[in-house]
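This report refers to the structure that appears directly beneath it.
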Amino acid sequence: MKPELTKLLDAIAHLHVIVIGEAMLDGYLEGFSDRLCPEAPVPVVTLKNRVYVPGGAANTAVNARSLSANVTFLSVMGDDWEGSQLQQALSERGVSTKHILKASNRQTLTKQRVITASQILVRFDSGTTDAIDADSEQALIEKLELLFSECDAVIVSDYGYGILTQRVIDAIAQLQQNNPRVLVVDSKNLTAYRHLNVTAVKPNYKQAVQLLAIAPLPPLINGGMGGSPVQSKSNLMRKNCSTSQVRKLLLSPWMLKVQ
């Protein structure tokens, strides 16, 4: 590893980082299959192991903690078995669940995958994806206001499942304006954060294309009889963007305005 990168990673240690977003429970139901179901042409899977790990913003919190950051995780989950399992998984990985709110009117977001022979056969998603209620929203904002001035950085992990409401986003914007911190946003709807003083964003290819207001290219480019190798999305973006556009996105993404 390059010394510069090592130095950068070491600098994260002991920083106070707030992570806010959708807490999810990722489940992996592992087994084997050696026959088809007589009722339908689908495999019968004999389960041998069940693994539950933090997902979504909860995984982001675990990753920050693994870099030795002091993590405060803010989210809202259901008062259910899945929520308890997620809290246990977070605690086992050194992430405090002290500031996670429980709401009786919500189901904890859960994604369960059935795996055999290292292949995912199916994924079952469950949990509440509507916006959090007014009481939970206010409690979340109050925790943000209490903790924001004590942190070094804030990571927003917004999957669009109801935690980052407009009021919560506006509260972050006001706090950031009054007391700027390193603010990193990963969201399916990055334009919702364009009025924040954001330090960095993590768009995927689709989001980058939307921000730049350019047409996406197909994933494959034909190259004669034998064809050509699959083009990476980063290469496609470079082919479809001017140098100034790429620089504008990477260095000053929040100068971009939706036309």
Review point. What spacing in nm lies between the two simple spin-label points modelled at Gln166 and Leu8, each 7 Å away from Cα in the Cβ direction?
Key: 3.6 nm
Exercise for review: Put one equal scatterer on each alpha carbon of region 101-140, apply the Debye formula with no solvent term, and list log10 I(q)/I(0) at q = 0.23, 0.31 1/Å to two decimals.
Suggested key: -0.75, -1.04
**Study point:** Cα-based equivalent ellipsoid of region 1-122: semi-axis lengths in Å, sorted from largest, via gyration tensor
**Key:** 33, 21, 10
Study note, to complete from the structure: Contour minus Cα-Cα span, Gln107 to Glu30, at 0.36 nm per residue, comes to 25.3 nm
Practice item. Mind jotting down the three principal axis lengths of region 58-172 based on Cα atoms? Whole angstrom, largest first. Key: 48, 33, 21
Check your understanding: Cys37 to Ser91: extension gain in nm, 0.36 nm per residue of separation minus the Cα-Cα distance?
Key -> 15.5 nm
Point to revise | Charge dipole of region 3-100 about the Cα centre (unit charges at C-beta), most positive-ward option of Val53, Val71, Leu5 | key: Leu5
Point to revise | Extension reserve of the Lys48-Lys98 stretch, reckoned as 0.36 nm per residue once the Cα distance is removed | key: 14.7 nm
**Study point:** Protection proxy ranking, peptides 196-202, 6-12, average beta carbon neighbours within 10 Å, highest first
**Key:** 196-202, 6-12
Practice item. Starting from the Cα of Gln138, step 7 Å along the direction of its Cβ; do the same at Leu121; then give the gap between the two resulting points in nm. Key: 4.8 nm
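Read the figures in this text as sums done on the coordinates, not as results from a lab. Everything numeric in this text was worked out from a predicted model, so none of it was measured. A quick note on method: Cβ atoms are made from the backbone with ideal geometry, for glycine too, and the neighbour counts reach across all protein chains shown.
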